[in-house]
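Following: one structure in structure tokens, then a few remarks.
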Amino acid sequence: MEQRPRIRIAVSGCLLGEEVRYDGGHRRSSYVTDALAGAFELVSECPEVGIGLGVPRPKIRLERRGTVTTLLGSRDEDLTPLMDDYAQRTAAAFDAARVAGIVLKSRSPSCGMGDVKLHESGAVISEDGTGIFASRLAAALPEAPRISEVDLESPARRDHWLTRVFALAEIGELASGSPDAATLYAFHARWKMVLMAHSERTARRLGRFLAATRDGRRALPRYREDFLAGLAEPASVGKHHNVLLHLAGHLGKPLDPAARERLGSEIAAFLAGEIPLAAPVRSLAAWAKRLDVPSLTDQAYLADRPEPLGYREAIYRA
Ligand code: SF4
């Protein structure tokens, strides 16, 4: 297990089991309180309590007024400016605390993302709104990966979110140390295979960019933006399969033929949707360590991640 600073994740307080909902209840998510709490430092946040609405409180709602979405209180008072201001301050605090990921409660007029009831003249006109807090947070911290507790139940979406969390946390650490060109290149070498599984184009473009870079500090902002945008693209079984074959090739001749065949069968079984990605990744990591292959032992793609997260443990279908 890598010894790195504990990664910070911001979470809607009600998902942590805190009784902060309008009705005095909570919506505890066991994945949040068990898996995420065991692996990360969780920062609780309830924006409705934050703007002083109290618990319990009357329900609030999203209302469409012309082209603008507003947050209305129970007496139709406009809470949008208050929430705008609160979200800006919260985003600044998350940024300062180097929050690397955000989990927001679905369907809430404050925290929901794309699944909130939208009203017009008091009637529901759609259920695809985004809460005011969530939308302002997304605008202020576009790089911080966000996910709802519902999407945390989808292994593919959860794995993608976790990958982006690990990446943002690590590039944030790098940025805090004013890296020179060699350090930035070493970071790219470590993350290149993860990037290849999401965007081969970005991985190659960044490789060329860094080859012509002499000043790591100046190159970092552009590198960081492109790197995180590449990881925001979804991975696929086919792209993971290519990466696994590539990494297996790096083990080279020291791997005996029988072991090579077993590894090849495992990679083929992953492609066929018979075993999870974590299985060949574990085998590759174990061989890289045993054979002491320097180009593989520090690969982020093969890094050991906290077991309770269930990272890459589900079967993906091609
Ligand atoms: S959904 Fe957001 S605003 Fe509502 S109770 Fe949970 S944390 Fe608070």
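Among the residues of the stretch 190-236, those identified as more than 17 Å from the chain's Cα centre (by Cα) and part of a loop (DSSP other than H, G, I, E, B) are Ala212, Thr213, Arg214, Asp215.
Looking for whichever is surrounded by fewer than 20 Cβ atoms within 10 Å (Cβ to Cβ), more than 16 Å from the ligand (Cβ to nearest atom) and under 26 Å from Ser30 (Cα atoms) here; the options are Ala123, Ala92, Ala97, Ala139. Which one fits? Break it down into steps so the answer makes sense when it comes.
Working: Ala123 fails: under 26 Å from Ser30 (Cα atoms); Ala92 fails: under 26 Å from Ser30 (Cα atoms); Ala139 fails: under 26 Å from Ser30 (Cα atoms).
From the options Ala123, Ala92, Ala97, Ala139, the qualifying one is Ala97.
Residues checked against (1) among the aromatic types (Phe, Trp, Tyr); (2) on the phi > 0 side of the Ramachandran plot; (3) without any contact (Cβ under 8 Å) to a residue 24 or more places away in the chain:
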| position | (1), (2), (3) |
| --- | --- |
| Met83 | no, no, no |
| Ala97 | no, no, no |
| Lys105 | no, no, no |
| Leu118 | no, no, no |
| Ser148 | no, no, no |
| Ser154 | no, no, yes |
| Phe166 | yes, no, no |
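Pairs meeting the criteria (first residue in the stretch 21-44 and more than 17 Å from Phe166 (Cβ to Cβ) and of a type in the set (Asp, Glu), second residue in a loop (DSSP other than H, G, I, E, B) and within 16 Å of the ligand (Cβ to nearest atom), beta carbons under 6 Å, at least 6 apart or on different chains) are Asp23/Pro56. Consider the stretch 22-46 and keep the residues that are hydrophobic (A, V, I, L, M, F, W, C) and within 14 Å of the ligand (Cβ to nearest atom). The one that is farthest from the chain's Cα centre (by Cα) is Cys46. Of the residues contained in the stretch 76-83, one or more are found to be buried (at least 22 other Cβ atoms within 10 Å of the Cβ) and part of a helix (DSSP H, G or I). Out of curiosity, is Thr33 assigned to a strand (DSSP E or B) and of a type outside the set (A, V, I, L, M)? No: the conditions fail for Thr33. When the test is whether a residue is away from the ligand (no atom under 15 Å from the Cβ) and touching an Asp or Glu at 6+ places or on another chain (Cβ under 6 Å), Arg64 passes it.
Kindly check whether there is at least one residue in the stretch 174-197 that is in contact (Cβ under 8 Å) with a residue 24 or more places away in the chain, within 22 Å of Ala93 (Cα to Cα) and not polar (S, T, N, Q). Checking the stretch 174-197: at least one residue is in contact (Cβ under 8 Å) with a residue 24 or more places away in the chain, within 22 Å of Ala93 (Cα to Cα) and not polar (S, T, N, Q). Considering the stretch 126-135, and only residues there that are away from the ligand (no atom under 12 Å from the Cβ) and either crowded, with 16+ Cβ neighbours inside 10 Å or hydrophobic (A, V, I, L, M, F, W, C) (or both), the residue that is nearest to Gln88 (Cα to Cα) turns out to be Ser135.
Going by the conditions given, is Val165 more than 11 Å from the ligand (Cβ to nearest atom), assigned to a helix (DSSP H, G or I) and touching a strand residue (DSSP E or B) at 6+ places or on another chain (Cβ under 6 Å)?
Values: more than 11 Å from the ligand (Cβ to nearest atom): yes; assigned to a helix (DSSP H, G or I): yes; touching a strand residue (DSSP E or B) at 6+ places or on another chain (Cβ under 6 Å): yes.
The answer is yes for Val165.
Residue selection: Leu53 satisfies the criterion of being within 10 Å of the ligand (Cβ to nearest atom), among the aliphatic types (A, V, I, L, M) and either in the same structural domain as Asp115 (by TED's automatic domain parsing) or not in a loop (DSSP other than H, G, I, E, B) (or both).
The values are calculated or read from the model by the stated rules, or taken from the named source; none is laboratory data. Because the structure is predicted, anything quoted here is derived from the model rather than measured. Methodologically, a virtual Cβ is constructed for each residue, glycine included, from the backbone with ideal geometry; neighbour enumeration extends over all protein chains shown.
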